[in-house]
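Report on the following structure.
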Amino acid sequence: MAAKPFQCLLCNKSYTNKASLVTHERKAHNQNIIVPHCHILFTPLYSSYCHFRGLFIDAIQSRLGSHHATEGKKKVQVHCEENLFYFIFREQETFTFQVSSYKYSCIFKGQVGIKRIGEIFQCSNWWIKANNLGGETIVDYQQQDPITKKFIDKEIGFSWKQKSRKIFQDGYEFIYFYGVITCSFSTYRQTVISN
Ligand SMILES: [Zn+2]
C-alpha cells in the first residue's frame, strides 16, 4: 500500500499528495470553523489589538485618501499575529479556516458588514475619507443591478495567511514565520453637497 502522509486533521482521512488533501478539504470541509491547534493560540494583549487596529485603519485610510485613488477593487496588507486574527474574527458567522493551506478568512457584506467592522475596530468611520475638494472616497458596500435595479451587497473580505522567509546561517537553513492579513474591498468616490 502506498504511503499516505497527508492526513486531514478534521476527519483523519489520508492522501498520497497535498493536492488531493486540498481537494478533499474543499469538498468535505468547505465552511470549516475548527482550528485544530487553537489551544496554542493565546489570548492577545489589548495593546496588540490596539496596535493592529491602528495599522489597519491607517492602511485603509491611506488607500482611500491617495491622490491616485481610483474607483474599483483594492487590497491592503497589514502584518498581524495569528492569535490576533483568530480572537478578533472567530465569533463572526463567516469565519473559516483552511487547515492544509493554513489560511483564515472572514467575509463581511453590505452596510451591515461596514457597521460590524466598525464595531470590531471601535471606529465607525473607518471606511470614509473626505478630501479637501469637498468629495469623499468610501469603501463601497452595495451596487445596483443594471437590469433588476435591485441593490446587491458588496463584500469586504479579510484573510490571514502564514508567510515565511528561509535563511542560511552556520550551514543550516532556518525558517522564520510571520503572518499577513489581506483586506479586499471596492472603493467609490462621491461628491458631498454642502450648504
Ligand atoms: Zn477531512
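Here Thr43 clears all of (1) of a type in the set (Val, Ile, Thr); (2) open to solvent by 40 Å² or more (accessible area, probe 1.4 Å); (3) assigned to a helix (DSSP H, G or I) except the condition numbered (3). Any chance the range 20-29 includes a residue that's over 25 Å from Gln143 (Cα atoms), more than 16 Å from the ligand (Cβ to nearest atom) and either in contact with a Ser or Thr (Cβ under 7 Å, 6 or more places away or on another chain) or assigned to a helix (DSSP H, G or I) (or both)? No, that holds for no residue. Checked against the criterion of being in a strand (DSSP E or B), farther than 18 Å from Thr187 by Cα and of a type outside the set (A, V, I, L, M, F, W, C), the candidates Ser105, Ser101 yield just one match: Ser105.
Within the range 63-89, the residues that satisfy the criterion of being open to solvent by 20 Å² or more (accessible area, probe 1.4 Å), in contact with a Phe, Trp or Tyr (Cβ under 9 Å, 6 or more places away or on another chain) and part of a loop (DSSP other than H, G, I, E, B) are Glu71, Glu81.
Checked against (1) away from the ligand (no atom under 13 Å from the Cβ); (2) modelled with pLDDT under 95, Leu45 passes all but condition (2). The residue that is farthest from the chain's Cα centre (by Cα), among those in the range 48-85 that are at pLDDT 90 or above and more than 20 Å from Asn125 (Cα to Cα), is Ser48.
The values are calculated or read from the model by the stated rules, or taken from the named source; none is laboratory data. From a predicted model like this one, the values you see are computed outputs, not experimental measurements. Every residue, glycine as well, gets a Cβ built from its backbone with ideal geometry; the counts of neighbours run over all protein chains shown. For the accessible areas, the whole protein counts, side chains as well, though only heavy atoms, and no ligand, DNA or RNA atoms are used. Shrake-Rupley method; radii C 1.70, N 1.55, O 1.52, S 1.80 Å.
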